[in-house]
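J.: Before I ask anything, here is the structure I am working with.
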Amino acid sequence: MDRRAGQRGLSMIGFLFVAVVIVVCVMLGFRVTPSYIEYYSVEKALARALNETKDLNSPSEIRKSFQKFADAGYIESVTEKDVEIVKTKNEITASASWTRKLPLVGNASLVLDFEASATRCSIPPVAVAIGRGRRPSRLLTNSGSYSAGRSLFARR
């Protein structure tokens, strides 16, 4: 009987190939993970800077607030100079974009482009009821559009 014909499994060369692929993927993950952690920290710092700034009409105050959170969060890739602040109607958006170059082996590098942003409405989020002394059937939101569906005051 030939037992060898019925055996299945991974040969030594196959095992080494699979091991090399897994090691390369894990090493790339170890190199990229800190950059993505920093990206999420920048997003959080932008959101906190917008939420905790008193005067939203002052871009310098928003930038200083961002720098305070960036210093506390060990963010090194983005500074207050890199933060762009755009005001459109009743929304204020703070955004930052940056590139991170990670050397891999020899002259091979991995380039990561990031863009983080946060938006805050400058008008407090209050739903304004439309109607004449009766329960409204539609609600006007801050964006000026009518909300579809049931009213907040409808009986269930």
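Just so it is clear, none of the values below were taken in a lab; they were calculated from the coordinates. Not measured: the values here are computed from a predicted model. Methodologically, a virtual Cβ is constructed for each residue, glycine included, from the backbone with ideal geometry; neighbour enumeration extends over all protein chains shown.
J.: List the lysines whose Cα sits under 20 Å from the Cα of residue 89, skipping any in the same chain fewer than 8 residues away.
T.: Straight-line reach from residue 89, under 20 Å: 54.
J.: Taking only the alpha carbons of region 38-90, what extent do you get along each of the three principal axes, in Å, biggest first?
T.: Its Cα atoms span 31, 17, 17 Å along the three principal axes.
J.: A further question on this structure: With only Lys, Arg, Asp and Glu charged, each at its Cβ (+1 for the first two, -1 for the last two), find how big the charge dipole of region 7-114 is about the Cα centre; round to the nearest 20 debye. Walk me through the numbers before you get to the answer.
T.: On the way: 13 positive and 12 negative charges, 51 e Å.
Value, rounded to 20: 240 debye.
J.: Whose amide H sits under 5 Å from the amide H of residue 91, counting only residues 5 or more places off or on another chain, with H placed in the peptide plane?
T.: Here 122 satisfy the definition.
J.: Another question, then. Taking θ = phi - 60°, what integer Hz values does the Karplus form 6.51 cos²θ - 1.76 cosθ + 1.60 yield along region 69-78, in sequence order, with x for Gly and Pro?
T.: After applying 6.51 cos²θ - 1.76 cosθ + 1.60, I find 6, 5, 5, 6, x, 6, 8, 10, 7, 10 Hz.
J.: Now for a different question. Straight-line reach from residue 101: which lysines have a Cα under 30 Å away, not including same-chain ones fewer than 8 places off?
T.: 44, 64, 68, 81
J.: Place the peptides 30-39, 98-107 in order of packing, highest mean first, counting for every residue the other Cβ atoms within 10 Å and averaging per peptide.
T.: Numbers: 30-39: 14.0, 98-107: 10.6.
Ranked from most to least packed, the peptides come out as 30-39, 98-107.
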